[in-house]
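Notes to accompany the following structure.
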Amino acid sequence: MERFSSKVLLFGEYSILYNSMALTMPFNEFSGKFSYPTSSSDQLQAFSSNQGLRKFCSHILDHHLDPQFKLNVEMFKSELEKGLFFESNIPQGFGLGSSGALIAAIFLRYLDKAGDFKDEVKVLTKEKIRHLKVALGKMEGYFHGTSSGIDPLSILINEPLLVKSNFDVVPVNIPKHQENGKHVIFLLNTGLPRNTNKLVNQFKKSCENPVFRSKLEEELTPYTNEGINNFLASNTDELYFNLYNLTKFQMEEMQFLIPKKYLKLINHGLTSGDYFLKICGAGGGGYMLGFTENWEATQRHLKRHDLEVLHRY
């Protein structure tokens, strides 16, 4: 069965909730697909996944009413009865789109006329992307309370996506990967799972404070938007300037989203300029996202931590 890769939100964590741009890219290191248990080692994951999918299937029956994207729920139910489960190595609660991959898999497997849709994906218009994003968001909202739909959309299209607004999402080209490129985007695994709902609600509560909300709109959003434009244009000097400001803002204003044991690492990056380390997705644990033009120094300083190169150019 078709495999769906994880994704990473490079820019736009939280600020996307208040109209900043955002940028996502696929991450093929982790993925998931529908499967049937074939060995005893599959049984535990298969049972747990299957039970969760049964609940979600019932939810779809009650709530998925989009006539443009009609799902064959009876086929879904039938395959669940045969033991179908979602076999995935995407870590849950780490910001890599584990629920988004599941939604993309369900959507493409059980969508009526899915074959036609696969052809349409190659020539998606802005209007189709907008409608698809809304439909996927409604489905993923089952797991997070609310969802922008960006994760499953990014995974389904499997290309870098630029989110200009809620109504304007377009595929984009990012700087071409170079095996020995000077500029490295990397992931740092904190090993700490997090509760996305709790963190998002905490952030929204902070936004009720007019001072914080003003800083968000006047500082964080411009840093995010300019950082995206810098990255897409390969303007690295300006990119690192905006990354410094963005990371500093998170340290000073959004510290409740950063595990305490990583504050010193973030601060060292700011003071040394060797790297910039920011939250990835919801923060609070999971992966952290780093940017550097001095990979060797970064590896030396972070040698006790689990690092993985996401993109190099």
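What FRET efficiency would be calculated for the residue pair residue 51, residue 192, taking the C-beta separation as r and a Förster radius of 35 Å, to the nearest 0.05?
With a Förster radius of 35 Å, E is 0.85.
So what is the 222 nm mean residue ellipticity for the chain from helices alone, if each DSSP H run of at least 4 adds -39500 (n - 2.57) and you divide by all residues, rounding to the nearest 500 deg cm²/dmol? Write down the numbers at each step before the final one.
Numbers: 12 runs with 142 residues, N = 313.
Result for the chain: -14000 deg cm²/dmol, rounded to the nearest 500.
Straight-line reach from residue 138: which lysines have a Cα under 18 Å away, not including same-chain ones fewer than 8 places off?
In chain and number order, the partners are 55, 70, 128.
Give me a comma-separated list of calculated 3J(HN,Hα) values for the range 210-217, in order, Karplus coefficients 6.51, -1.76, 1.60 applied at θ = phi - 60°, integers in Hz, x for any Gly or Pro.
x, 5, 5, 4, 5, 5, 4, 6
Give me the angle, in degrees from 0 to 90, between the Cα long axis of helix 263-272 and the longest principal axis of the Cα atoms of the chain, rounded to the nearest 10.
50 degrees
Please list the non-local residues whose amide H lies under 5 Å from the amide H of residue 8, H modeled 1.01 Å from N, same-chain partners needing a gap of 5 or more.
Excluding prolines and chain starts, which carry no amide H, the hits are 25, 27.
In straight Cα distance, which lysines are under 21 Å from residue 264, not counting same-chain residues fewer than 8 positions off?
Here the lysines satisfying the reach criterion relative to residue 264 are 248, 278, 303.
Which aspartates and glutamates does residue 133 reach when only Cα atoms under 13 Å apart count, and residues fewer than 8 places away in its own chain are ignored?
66, 151, 168
Does anyone have the angle between helix 236-253 and the longest principal axis of the chain? Alpha-carbon axes, 0 to 90°, nearest 10?
Long axis of 236-253 versus the principal axis of the chain: about 80 degrees.
Using the alpha-carbon atoms, what tilt in degrees (0 to 90, nearest 10) does helix 98-110 show relative to the longest principal axis of the chain?
The answer is roughly 30 degrees.
Taking 7 Å along the Cα-to-C-beta vector as the label spot, tell me the residue 36-residue 142 distance in nanometres, rounded to one decimal.
Each label point lies 7 Å from its Cα, and together they span 2.2 nm.
Per 0.36 nm of contour for each residue apart, how much would the distance between residue 125 and residue 255 grow if the chain were fully extended, relative to their Cα-Cα spacing?
Value of the extension gain: 42.9 nm.
Residue separation times 0.36 nm, minus the C-alpha to C-alpha distance between residue 300 and residue 1: what's the value? The partial results should precede the final answer.
Values: separation 299, 0.36 × 299 = 107.64 nm, distance 4.10 nm.
Contour length minus Cα-Cα distance gives 103.5 nm.
From the phi angles alone, apply the Karplus equation (6.51, -1.76, 1.60; θ = phi - 60°) to the range 273-289 and give each ³J(HN,Hα) in whole Hz, x where the residue is Gly or Pro.
Calculated HN-Hα couplings, in order: x, 5, 7, 10, 10, 10, 5, 10, x, 6, x, x, x, x, 8, 10, 10 Hz.
Hey, what do the phi angles of the range 27-33 turn into as Karplus ³J(HN,Hα) couplings, whole Hz, using 6.51/-1.76/1.60 and θ = phi - 60°, x for Gly and Pro?
Result, ordered by residue: 9, 7, 5, 10, 6, x, 7 Hz.
No lab work stands behind these numbers, since they all come straight from the coordinates. Since we're looking at a predicted model, the values are computed, not measured. All Cβ positions, even for glycine, are placed from backbone atoms using ideal geometry, and neighbour counts span all protein chains on display.
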